[in-house]
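Asker: Here you go, one structure.
The values are calculated or read from the model by the stated rules, or taken from the named source; none is laboratory data. As the structure is a prediction and not an experimental result, all values here were calculated from the model. Cβ placement follows ideal geometry from the backbone for every residue including glycine, while neighbour counts extend to all protein chains displayed. Remember, those area values only see protein heavy atoms, side chains included, never the ligands or the DNA or RNA. Shrake-Rupley method; radii C 1.70, N 1.55, O 1.52, S 1.80 Å.
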Amino acid sequence: MKIAIYGGAFNPVHNEHINIVRAAIDELSLDKVIVVPTAISPHKRTSVTARGRDRLNMCRLAFKNESNVEVSDYELKRGGISYSYVTCRHFKKLYPDGELFFIMGADMFGCFHLWKEPEEILKCATLAVCARENAKGLDNDIKSFNRRFGTEAVKFSYVGKAVSSTRVRALAALGEDIAAFVPEEVRNFIRKNSIYKLNGIAEVKKLLTDERWEHTVRVAVSAAEHARQAGVFEEDALIASMLHDCAKYLSPLSDELKGFTPPDKVSPPVMHQFSGAYVAEHTFGIKDTSILNAIRYHTTGRENMTSLEKLIYLADMLEEGRTFPEVEKLRKLFDADINGCLAAALDHQLEYLKSTGAEISPLTRRARAYMKETYDK
């Protein structure tokens, strides 16, 4: 009997998870795939995480029509941090005569040697790997794996599309439609139970134009997808993103800005970052100083920015709707090196403002000088 274990947070389960399981069943001639939602993932501690019971139920809904798939609550019942070597030992004991596989994507496979007790996993199961988005580098990773561990991983040919649970969570938090990414029953479950929704924050949509809301959604997705890399909690990234432009279209006489004192010598294009922090605090009830400062400096930056401030500044500048000439280069830097990207992004902003004759905020000048002194070596 050929059995595969497919573990993960499934936070939430989405269409690509289903496609990967189907492809593994077909290509590896599997008799069964056991889908195992984690209790606490050792790899994703900064993410917004739905309750284990909800993630389990979403998996059951997603795979209910897949006859060769079983959804297991083993890790959830066990509790604590879910380590794959413990789970593999468990299922090896349940199926001592079975041929076990452990399914993973290329992103996790590349860091498999850093997992806890990887050799113990390999005593129980053969790794079955598929590429994510493209197959570049996977063959070399498999060769390196074979040399390191003295055993062979199996590659199946399915190439996963660019869908992430992080993107689904971000869209759901903003109340956006996620039908393109998850099965209909999972979508309905998320909506009905308000999973991932940030109560009260999505009301910011009423203060924005349709075009500005679409920008806000893209900023939130970008910030969420880079949050773990930045060492930032995903919920903080989402809240700051959702509110970063909340005052952009408010009249100075609006109720939301009663009591707001504009800072001196601030140009009109920059003022909304300061008024936005005020509205975030006094209208939306945000008291976290780190979130308020990420809103307060998202346009100009400042010296010695926090990780959240850097994240929101860059997500605002580099979201998927931006089209300026250097944007693709900066996006690649954003994926690889946030500090390097921030320095380059500040350079770009300064050059752009000079070329257009626009006023340059002293905050931006000081931000670039600080990055030059601290990070440019």
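Asker: Kindly indicate which of V182, V159 is under 30 Å from A4 (Cα atoms) and open to solvent by less than 10 Å² (accessible area, probe 1.4 Å).
Answerer: Exactly one residue qualifies, and that residue is V182.
Asker: OK, next. Among the residues of segment 278-300 satisfying the criterion of being farther than 9 Å from H244 by Cβ and among the hydrophobic types (A, V, I, L, M, F, W, C), which is farthest from the chain's Cα centre (by Cα)? Full working, then the answer.
Answerer: First, pick out the residues of segment 278-300 that are farther than 9 Å from H244 by Cβ: 278-279, 281-293, 296-297, 300.
Checking which are among the hydrophobic types (A, V, I, L, M, F, W, C) leaves us with 279, 284, 286, 291-292.
Working: V279: 26, F284: 24, I286: 22, I291: 18, L292: 21 Å.
Checked segment 278-300; the qualifying residue farthest from the chain's Cα centre (by Cα) is V279.
Asker: Quick check, is S241 at pLDDT 95 or above, hydroxyl-bearing (S, T, Y) and assigned to a helix (DSSP H, G or I)? Before you say what the answer is, go through the steps one by one.
Answerer: On the way: at pLDDT 95 or above: yes; hydroxyl-bearing (S, T, Y): yes; assigned to a helix (DSSP H, G or I): yes.
When the stated conditions are applied, S241 passes them.
Asker: Taking segment 246-283 only, how many residues are of a type in the set (D, E, K, R), open to solvent by 70 Å² or more (accessible area, probe 1.4 Å) and part of a helix (DSSP H, G or I)?
Answerer: Total satisfying the criteria: 1.
Asker: Same structure again: Can you tell me which residue among P362, P325 is out of contact with any helix residue (DSSP H, G or I) (no Cβ under 6 Å at 6 or more places or on another chain), modelled with pLDDT under 95 and open to solvent by 20 Å² or more (accessible area, probe 1.4 Å)?
Answerer: Criteria check complete, one pass: P325.
Asker: Only one of these is under 19 Å from the mean Cα position of the chain (by Cα), among the β-branched types (V, I, T) and either surrounded by fewer than 18 Cβ atoms within 10 Å (Cβ to Cβ) or over 24 Å from G8 (Cβ atoms) (or both): T209, T216. Name it.
Answerer: Details: T209 fails: under 19 Å from the mean Cα position of the chain (by Cα).
Step by step, each of T209, T216 is checked, and only T216 is under 19 Å from the mean Cα position of the chain (by Cα), among the β-branched types (V, I, T) and either surrounded by fewer than 18 Cβ atoms within 10 Å (Cβ to Cβ) or over 24 Å from G8 (Cβ atoms) (or both).
Asker: With respect to N199, is the statement that it is farther than 16 Å from I239 by Cβ, out of contact with any Pro (no Cβ under 8 Å at 6 or more places or on another chain) and not small (G, A, S) true?
Answerer: Judged against the criteria, N199 is not a match.
Asker: Also, quick follow-up: Say whether the condition of being β-branched (V, I, T), in a helix (DSSP H, G or I) and under 22 Å from D73 (Cα atoms) is met by at least one residue in segment 120-127.
Answerer: Looking only at segment 120-127, we keep the residues that are β-branched (V, I, T), and these are 121, 126.
When the remaining residues are screened for being in a helix (DSSP H, G or I), the result is 121.
Checking the rest, the ones that are also under 22 Å from D73 (Cα atoms) come to 121.
Taking every residue of segment 120-127 in turn, at least one turns out to be β-branched (V, I, T), in a helix (DSSP H, G or I) and under 22 Å from D73 (Cα atoms).
Asker: Follow-up question, since we're still on this one. How many residues does segment 284-308 contain that are outside any helix (DSSP H, G or I), open to solvent by less than 70 Å² (accessible area, probe 1.4 Å) and either farther than 19 Å from Q349 by Cβ or touching a strand residue (DSSP E or B) at 6+ places or on another chain (Cβ under 8 Å) (or both)? Give the steps one after another, and end with the answer.
Answerer: Start the filter on segment 284-308 by keeping residues that are outside any helix (DSSP H, G or I), which leaves 284-288, 297-306.
Keeping just the survivors that are open to solvent by less than 70 Å² (accessible area, probe 1.4 Å) gives 284-286, 288, 297-302, 305-306.
Subset that is either farther than 19 Å from Q349 by Cβ or touching a strand residue (DSSP E or B) at 6+ places or on another chain (Cβ under 8 Å) (or both): 284-286, 288.
Counting residues in segment 284-308 that are outside any helix (DSSP H, G or I), open to solvent by less than 70 Å² (accessible area, probe 1.4 Å) and either farther than 19 Å from Q349 by Cβ or touching a strand residue (DSSP E or B) at 6+ places or on another chain (Cβ under 8 Å) (or both) gives 4.
Asker: Can you run down the residue pairs with Cβ atoms below 8 Å, 6 or more apart or on separate chains, where the first is in segment 119-139 and on the phi > 0 side of the Ramachandran plot and at pLDDT below 90 and the partner is part of a strand (DSSP E or B) and of a type in the set (A, V, I, L, M, F, W, C)?
Answerer: These pairs meet every condition: E133/V159.
Asker: For a quick check of your reading: which helices (runs of 4 or more DSSP H) sit entirely within segment 1-110 and have at least 2 residues that are buried (at least 18 other Cβ atoms within 10 Å of the Cβ) and modelled with pLDDT of 95 or more?
Answerer: Working: elements: 15-28, 52-62, 74-78, 84-94, 106-109.
Output list reads 15-28, 52-62, 74-78, 84-94.
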